[in-house]
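What follows draws every value from the coordinates through simple rules; no lab data is involved. Just so you know, these numbers come straight off a predicted model, no measurement behind them. Counting neighbours? That spans all protein chains shown, and the Cβs are built from the backbone with ideal geometry, glycine included.
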Amino acid sequence: MIISPMPKFLILAILFVVTEVIIAFLFAVIAQIFYKRVGLDFKAIFKGMAERVFLFILLANGYSSALTFFSALKLATRLKHEEPKQTLDGFNDYYLLGNLLSVAVAIGYVNAFQHIQ
């Protein structure tokens, strides 16, 4: 009996689901530490997943300029964000860590995509 290897898509789908669950809980911890927000924010989780899928698709296709475009989009959405002064630093730390983690995970997805046979 010959067992065929798992298709690349299935491996990547499993990797994506497991990683996104871990990231959701990691962001909840980061939000609690830096931004004093407790619980899971499903809207933010969905937006983060969409960001990582967007970056993955463009980076996997060789469009490294997507990182610049992503940064500009994030900056544009952040410009009008108003927070009380006492929570502003916490939010900025949370925002920066979230963006760095999203980009790092998207690059990890691309690396896995390129190296899984």
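Remark: region 102-107, residue by residue, has Karplus-estimated 3J(HN,Hα) of 4, 5, 4, 5, 4, 5 Hz, where x stands for each Gly or Pro and the curve is 6.51 cos²θ - 1.76 cosθ + 1.60 at θ = phi - 60°. FRET efficiency for the Leu96 to Ser65 pair, using the beta carbon distance and R₀ = 25 Å, is estimated at 0.70. Phi angles across region 66-73 convert, under the Karplus curve 6.51 cos²θ - 1.76 cosθ + 1.60 with θ = phi - 60°, into 3J(HN,Hα) values of 4, 5, 5, 4, 4, 4, 5, 4 Hz, Gly and Pro given as x. Going by a ≥ b ≥ c, the root eigenvalues of the Cα gyration tensor, does region 12-115 fall in the rounded group (a/c under 1.5), the prolate group (a/b larger than b/c) or the oblate group? Note, shape of region 12-115 comes out oblate. With a Förster radius of 22 Å applied to the beta-carbon distance between Phe25 and Gln114, the computed FRET efficiency rounds to 0.20.
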